[in-house]
Amino acid sequence: MTFENYDTGGFYDEMFLPDGAPRPEARRLVERIEGLPDGELVRRHQAAERSLLHTGITFTVYGDEAGTERIFPFDIVPRIVSRETWDPIERGLKQRVEALNLFIDDVYHDRKIVRDGIVPADIVESSEGYRTECIGLDPPRGVWCHITGTDLVRDADGTIYVLEDNLRCPSGVSYVLENRAVMTATFPLFEGLGVRPVIDYPSRLLSMLEDVAPRDVDRPRVAVLTPGVYNSAYFEHSFLARQMGVGLVEGRDLVVADGRLQMRTTRGFERVDVLYRRIDDDFLDPTCFRSDSLLGVPGVMDLYQRGRVTLVNAPGTGVADDKVVYAYVPRMIEYYLDQKPILPNVPTHLCWRDEDRRYVLDHLPELFVKPANASGGYGMLVGPTAARADLDDFRARIQAAPRNYIAQRKLDLSRVPTRVDHRFEGRHVDLRPYILYGRDIYVLPGGLTRVALRKGSLVVNSSQGGGSKDTWVLS
Amino acid sequence: MLSRVAESIYWLSRYIERAENVARVVGVNNRLQLDLPDLADEQWDPMVKVTGDEERFQAGYEAATRSNVIEFLTFDAANPNSIFSCLTRARENARSVREIISSEMWEEVNRFYLFLREPDARQRAMSDAHAFFEHVRRSSHLIEGTKNETMEHAEAWHFSRIGRFIERADQTTRILDVKYFLLLPSADDVGKPIDDLQWGALLRSASAFEAYRRTHGRVAARAVASFLLLNHEFPRSVHHCASEAQISLHAVTGTPIRRFANAAERALGRLVAELDYTDIVDVIRSGLHDFLDAIQDKLNGVGREITHTFFAQRWRGESLR
């Protein structure tokens, strides 16, 4: 297979220049792919998919036949990120996460940013992730957002924007590691290209978790809390626990006793000091949040408030995982760090502002409208392709609850060549790097490149026909 | 280790072993029926009786034909003991302990499950039953072998062995019981070639034919029962299974064998002691079928005590969710 007739289609292509020549950082990969014998790439791709199915790297689709598992579609052509592209991304993400963490801490303490008139109080308090139970708390090292997955997109002119910050339980990092493992096994094309490794993520994650243990604990014990095998990200929970060599627990394995969190073992009860929980705040503790939750641990919030256990990410972190709050992040960076934001936000209209709302309602067919508090691409309006009824529906919804909606202009997401049968076609991508915050801030080189596999589609979510690619950050 | 994890590993192994034994039972009957002179003589209902799911079968099927019984025992998702149901649950348990079992072992469990879900699986089970059930058996052995070669022989492994051997002991009593339900064409046939054929098939279904031959030579009812129940060395005999389960149970707790520190050790110890001092003559005299029933009850009791001792502990005053 060659790229001879490959068409960048007027979009920003991550691999090729508009004149059809490969970008300098992609030249050697293009040569190697074109140098493969006929049919070899397809064969390798099929081997990779078989390996993913057999190793059970799957996710569960909701709303489909109960508990259907699918492999997360995987494309064999990697996305290349040059060092020149990556450096500002890395610096920009560190800057952003530092500011977000300061914001969360401020929200639950003095609220200087509100008093100084930068972020309105009612925006903070109406954010779905805001938790009064967290007021005045001081998590170890002052860190709230230990693990962040920030979605980045590149527009037609080459600008890289931050699309959203996922600060609750961002998922997908296991695919980054497994994609790399599969690529290494089936497609050893990248020897000598200087691809930065991702394999050390689990040990960095474990160090971070140990670094934020309660202050009085010498040798902290870490566990991963999962909602269970029916959760869509269960594979990832078990993968990370296995890679870190720590226990994977469910709520029913845990009990609060003798002033500590304990897990039920075949030899009695054992202490847990740091809980990397992959369930939302709402389900964490039925005595504190939703009383109908069977997933959580009664009494764990009380322990947390007393500093007897560390919860990762900290409860209440979700206050910053709101698309209205998102719009204020550039100003947070200036306010807390006195720096210019390195990575820009996508210009965002906030429907709660009268002027913005009027604009949005007048230009609905041109805009992307998103609920302030949803993820996974659910409940979103894609104006340019929406049916009339959907437009009317959203118009009514925006007017009924303006705080809950934001709108952004359509971005022409950049594309990467993707294998379609026996040729390459451009498909739109985004990028979700993962950022760890414990003793210091670390950004995993690359992250998850999600690709909209349907021709022309701009929606990359796995629940909506998206797949993924390995992401090669060059050193 | 986590109680839930120990329980999942225990059940993972039990379900794989159960699936293997269903394949053994179906496989042997298939072979046996091929040897019958007349198609009209085919007997498939004993296969259902021996699994203890007769009522469920009758509720869903009209007659105990070959294809109905194979469907029921192999693919029927409504039958909790079908091979497919066993594998679904085994895989679910395996998924919930993927961080404990080796990746290789998980992969074998997953492959086994995917094999049953292949679009032409049904058709292959019906048209080439021998190869199909052979594959099931081999898949189970692959899982067992992979487990032994890739997992640390530590606590999780011991729980897996406890599950595997308790289930196998139970299944061997059921294979032996097939003979009880099998009809002989007429009373005159006792001791005739057809009777021989049935005992031989039964031994084969427990992979015991060759080992039996070396030990006892001629096929005779009493010796077959003795071999499958009381033999010390044969890996599928009830006595051997109970003893191996006991070794692992005591490896978990550290209690010396022949003493007990909990109800599980006590229940299993009593069963092993009973088998130690049982003479097959007494078994046959009082009735093999009743003896097998009693062993099954005792194995259930051991299972219950294992659950109480290791999987369902509570903190003082805590009610278990």
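The values are calculated or read from the model by the stated rules, or taken from the named source; none is laboratory data. Quantities reported herein were computed from a predicted structural model and do not represent experimental measurements. Neighbour counts are summed over all protein chains in view; Cβ atoms, including those assigned to glycine, are modelled from backbone coordinates with ideal geometry. Note: accessible area is taken over every heavy atom of the protein model, side chains too, but ligands, DNA and RNA are not part of it. Shrake-Rupley method; radii C 1.70, N 1.55, O 1.52, S 1.80 Å.
Our summary gives chain A a relative contact order of 24 percent, counting only alpha carbon pairs under 8 angstrom and 6 or more residues apart.
Computed over region B:158-312, relative contact order equals 29 percent, with contacts defined as Cα pairs under 8 Å that lie 6+ residues apart.
Quick check for you: with a 1.4 Å probe and neighbouring chains kept, what is the accessible area per residue of region A:9-49, in Å²?
Accessible area per residue: 52 Å².
Of B:Cys241, A:Cys169, which has the most accessible area and how do the rest follow, probe 1.4 Å? Can you show the working numbers first?
Working: B:Cys241 0, A:Cys169 35 Å².
Highest to lowest solvent-accessible surface, that is A:Cys169, B:Cys241.
Residue ranking by accessible heavy-atom surface, 1.4 Å probe, largest first, among B:Arg122, B:Arg214 comes out as B:Arg214, B:Arg122.
Across region A:337-353, rounded Karplus estimates of 3J(HN,Hα) from the backbone phi angles (6.51 cos²θ - 1.76 cosθ + 1.60, θ = phi - 60°) give 10, 6, 10, 7, x, 7, 10, x, 7, 5, x, 10, 8, 9, 5, 5, 7 Hz, Gly and Pro being marked x.
Split the accessible area of region B:158-312 by element, probe 1.4 Å, and carbon with sulfur accounts for 51%. How big, in percent, is the set of alpha carbon pairs in region A:348-409 lying more than 19 Å apart? Here the long-distance tail beyond 19 Å is 15 percent of all Cα pairs in region A:348-409.
For the protein assembly as shown, what percent of Cα pairs sit more than 51 Å apart?
Result for the distance tail: 28 percent.
Once A binds B, the 1.4 Å probe can no longer reach about 2900 Å² of accessible area, counting both sides. Size check on chain B: the Cα extents along the three principal axes, sorted descending, read 63, 49, 37 Å.
Against the longest alpha carbon principal axis of chain B, how many degrees, from 0 to 90 and to the nearest 10, is the axis of helix B:155-181 turned? That works out to roughly 20 degrees.
Averaged per residue, chain B has 44 square angstrom of accessible surface, using a 1.4 angstrom probe with ligands and nucleic acids left out.
A Cβ-based charge dipole, computed about the Cα centre of region A:348-409 with Lys and Arg at +1 and Asp and Glu at -1, lands at about 140 debye. Using the 1.4 Å probe convention, the accessible area of region A:348-409 works out to 51 Å² per residue with neighbouring protein chains retained.
Measuring between their Cα centroids, region A:335-408 and region B:224-288 lie 70 Å from each other. Using +1 at the Cβ of each Lys and Arg and -1 at the Cβ of each Asp and Glu in chain B, identify which of B:Leu114, B:Ala59, B:Asn148 lies farthest towards the dipole's positive end. Result: B:Asn148.
A dipole drawn for region A:1-152 from +1 and -1 charges on Cβ atoms has a positive end, and of A:Ser82, A:His45, A:Met1 the residue lying farthest that way is A:Ser82. Computed on protein heavy atoms with a 1.4 Å probe, the accessible areas place A:Tyr130, A:Tyr201 in the order A:Tyr130, A:Tyr201, largest first.
Phi angles across region B:64-77 convert, under the Karplus curve 6.51 cos²θ - 1.76 cosθ + 1.60 with θ = phi - 60°, into 3J(HN,Hα) values of 7, 7, 3, 6, 5, 5, 5, 4, 5, 7, 9, 10, 5, 5 Hz, Gly and Pro given as x.
Computed from backbone phi, the HN-Hα couplings of region B:133-147 come to 6, 4, 5, 4, 4, 5, 4, 4, 5, 4, 5, 4, x, 4, 4 Hz, rounded to whole numbers (Karplus: 6.51 cos²θ - 1.76 cosθ + 1.60, θ = phi - 60°; Gly and Pro given as x).
For region B:1-38, a decrease in accessible area of 10 Å² or greater in the assembled protein chains relative to the isolated chain, with a 1.4 Å probe, applies to B:Met1, B:Leu2, B:Ser3, B:Arg4. With the convex hull drawn around the C-alpha atoms of chain A, the volume per residue stands at 157 Å³.
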